[in-house]
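Participant: Below are the structure tokens for one structure; questions will follow.
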Amino acid sequence: MQKNGIAENRPSAVLYQIAPDVNMLLNCYVIRTKSGKLIVIDGGGAGSPDSNGYLYGQLQKISGKEIPEVEAWILTHLHDDHVNEFIIIANDESKKIKVKSIYLNAPSKQFMDRVENGRFSYLYDDVKKAYDIFTESGAFDKINGKSVFTGDVINIDGITLEILLTVSDECTEDNINDTSLIFRADIEGQTVLFLGDAYILEGNRLLDAYGAGIKSDIVQMAHHGQNGVTRQVYETVDPKICLWPTPIWVYNNADGIYQTTLVRQWMMDMGVKYHYIASKGLIQTLSFPIDYSTLEKNDISPDKK
């Protein structure tokens, strides 16, 4: 994985983990296929106003086009650190872009009004507006905010996206994180499991539904690597590589209220050797198929900063 700069003109598929600075809380991944098609996962961004709008420039660089084209944009759930860039780009007429398909499974407006004291209810309307800007007026309502469902399989230029879990029975949920769209990408025969911000409840549902079938080569750490799924989920995934969409203050548990150091210890106990932390390399790339002999091993012990 290259930790500096953006890989250009590669014949292989490339996964990008992107952060604009060390402090922004966000989840942002881009997959560039062999022929240059782009798949965006979330893009988010919250807490660093000066960095808002960062993703558009990155898409220009990754695609090599002044007007980037996104083959698929996947939104895992309706929190600002996952959907802000989707909203910003859609509403900024100066940011010319083509978005072919948008995949999400959003809970209802009533659900957003009810949970978490309605704090993020506004995002339902903002995402709805952005979705319609990228598609057509009324498109979001036509699909009731759900364009993809559990069991769907999406094929994009040799990359397979398998939708493992969407939460449609929202009456059982008491938070937005547990409505995360969980999916797995198969890239050149190697698998990347994206957990979004899944908490314990959704992680357990994933285990109940698939058991050992969730084993994957790479895992995106749930909820930025803290207070997410259980250790049992990670042990069942049994990854070789962990992706941490984690700002430095969460990674180092700066406020003493996060579980990041505990989760880091889990990964050390499991013997996972390769870790890519957003705050330690703002643009990191991983080319497929992965040659593990070229990867740098990391010590993420809790006492390491």
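Participant: Taking every Cα atom in the chain, find the radius of gyration and the maximum pairwise distance Dmax, and write them in Å.
Facilitator: 17.9, 52
Participant: Which of the three applies to segment 213-305, rounded, prolate or oblate, going by the alpha-carbon gyration tensor with a ≥ b ≥ c and a/c under 1.5 meaning rounded?
Facilitator: Details: a/c = 1.74, a/b = 1.24, b/c = 1.40.
Cα axes put segment 213-305 in the oblate bin.
Participant: Hey, which of these cross-link pairs are over 21 Å Cα-Cα: 61/100; 34/129; 34/128; 109/146; 34/98? Could the numbers behind the result be given before it?
Facilitator: Details: 61/100 19 Å; 34/129 32 Å; 34/128 31 Å; 109/146 12 Å; 34/98 19 Å.
From the list (61/100; 34/129; 34/128; 109/146; 34/98), the Cα-Cα distance tops 21 Å for 34/129; 34/128.
Participant: Ok, one more. Using the basic label-point model (7 angstrom from Cα toward the beta carbon), what is the residue 238 to residue 61 distance in nanometres?
Facilitator: 3.8 nm
Participant: Same structure again: Is the C-alpha gyration tensor of segment 81-128 telling us rounded, prolate or oblate? Criteria: a/c under 1.5 is rounded; beyond that, a/b larger than b/c is prolate, otherwise oblate.
Facilitator: Values: a/c = 3.11, a/b = 1.96, b/c = 1.58.
It comes out prolate by the Cα gyration axes.
Participant: Also: Tally the DSSP beta bridges in the chain and give the antiparallel ones as a percent, rounded to 5. Could the numbers behind the result be given before it?
Facilitator: Working: 32 of 51 bridges.
Just about 65 percent of them are antiparallel.
Participant: May I pose another question? Report the relative contact order of segment 83-214, percent, no decimals, based on alpha-carbon pairs under 8 angstrom and at least 6 residues apart. Walk me through the intermediate numbers first.
Facilitator: Details: 168 pairs, mean separation 25.4, N = 132.
Reported as a whole number, the value is 19 percent.
Participant: Then there's this: What percent do you get for the relative contact order of segment 174-246 when only Cα pairs under 8 Å and 6+ apart count?
Facilitator: On the way: 135 pairs, mean separation 21.7, N = 73.
Value for segment 174-246: 30 percent.
Participant: To continue, here is another question. So between residue 94 and residue 301, what do we pick up on full extension, going 0.36 nm a residue minus the alpha carbon distance? Before the final figure, lay out each step's value.
Facilitator: Values: separation 207, 0.36 × 207 = 74.52 nm, distance 4.43 nm.
Separation in residues times 0.36 nm, less the Cα-Cα distance, equals 70.1 nm.
Participant: Hey, what did the chain get for relative contact order, percent, Cα under 8 Å, at least 6 apart?
Facilitator: Rounded, it is 19 percent for the chain.
Participant: Could you order the peptides 219-230, 117-128 from most to least packed, using the average number of other C-beta atoms within 10 Å per residue?
Facilitator: Put in order of decreasing packing, that is 219-230, 117-128.
Participant: How long is the gain from residue 155 to residue 172 if the chain were fully straight, where each residue apart is worth 0.36 nm and the alpha carbon distance is subtracted?
Facilitator: Gain on stretching residue 155 to residue 172: 3.0 nm.
Participant: What is the gain in length, in nm to one decimal, between residue 141 and residue 294 on full extension, counting 0.36 nm per residue of separation less the C-alpha to C-alpha distance? Please list the in-between numbers first.
Facilitator: Details: separation 153, 0.36 × 153 = 55.08 nm, distance 4.74 nm.
Roughly 50.3 nm would be gained on extension.
Read-outs throughout are calculated quantities, based only on the coordinates presented, and are distinct from any laboratory measurement. Worth saying up front: this structure is predicted, and the values here are computed from it rather than measured. Ideal geometry is used to build each Cβ from the backbone, glycine not excepted, and the neighbour counts take in all protein chains shown.
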